[in-house]
Amino acid sequence: MPRGTEGLRKIVVGIDGSDSSLQALAWAARLCRLSGATLTTVMAWSVPNAWGRTPTWPPGMDPAEETRKQLAHAVESVLGAHDAPTVHEVVVEGHPASVLIDAGSDADLLVVGRRGRTEVLGMSFGSVSQHCASHAPCPVVVVGPDHGDGS
C-alpha cells in the first residue's frame, strides 16, 4: 500500500456531470485502487426555483431516476467495466454542498471537482467546493483540471 494511503476505508466523490467532477471521479478511483478504500459516488438533484408559477416535470419524468441514469453514465464513462473499484452510486435530493457534507459524515475523504471562479489563497474554487472544504467533517480534496491526470 502506498505511503499515506493507510487507513482510508471510504472515499466519497461528488459528481455533477461536469468535466471537473469526472476528473475528480478518476482521481478518487485511482486512490481507491491504491488504498483498497471503497468508492461512493454522490449526485444531488433538486426542483428548480422559479419566480411565479412553479414549473412541472414533463409527464412521467422521475427526477431521481433521471439523476440515477446520469450518475451511472458518468461512472461508466470514466471507469468503464474493467479494473474499476467497487462503486456505490448514491442519488439524493437537495443542494449539492449540503448533500456532499452529509455524505462525508462517515467518509475518510471527500473529493470534489473545481470549476468556479472565486479566488481563495490563490486557488480558484466554486461555491460547492468552497463550502465542502470549509464545512465537511472529513478531509476534502478539490481536483482541478491540471490534476485530473493524477499528476
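The values are calculated or read from the model by the stated rules, or taken from the named source; none is laboratory data. In this text the structure is predicted, and so the values were computed from the model without any measurement. Using ideal geometry, Cβ is built from the backbone for each residue, glycine included, and neighbour counts are taken over all protein chains shown.
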Requested in this report: Show the residue pairs that are 6+ apart or on different chains and have beta-carbon atoms under 7 Å apart, the first residue being within segment 13-30 and in contact (Cβ under 8 Å) with a residue 12 or more places away in the chain and closer than 18 Å to ALA107 by Cβ, the second being outside any helix (DSSP H, G or I) and polar (S, T, N, Q).
Outcome: VAL13/THR41; ILE15/THR41; LEU25/THR41
Query raised in the report: Among (1) closer than 17 Å to LEU22 by Cα; (2) at pLDDT below 95, which single condition is SER127 missing?
Result: (1)
Requested in this report: Give me the pairs, please: first residue somewhere in segment 108-123 and assigned to a loop (DSSP other than H, G, I, E, B), second residue anywhere and modelled with pLDDT under 50 and of a type in the set (Val, Ile, Thr), beta-carbon distance under 8 Å, and either six or more positions apart or on two chains.
Outcome: none
Query raised in the report: Has segment 77-87 got any residue that is outside any helix (DSSP H, G or I), modelled with pLDDT of 85 or more and loosely packed, with under 15 Cβ neighbours inside 10 Å?
Result: yes
Requested in this report: Output yes when any residue across segment 19-29 is surrounded by fewer than 16 Cβ atoms within 10 Å (Cβ to Cβ), over 12 Å from the mean Cα position of the chain (by Cα) and at pLDDT below 95, and no when none is.
Outcome: no
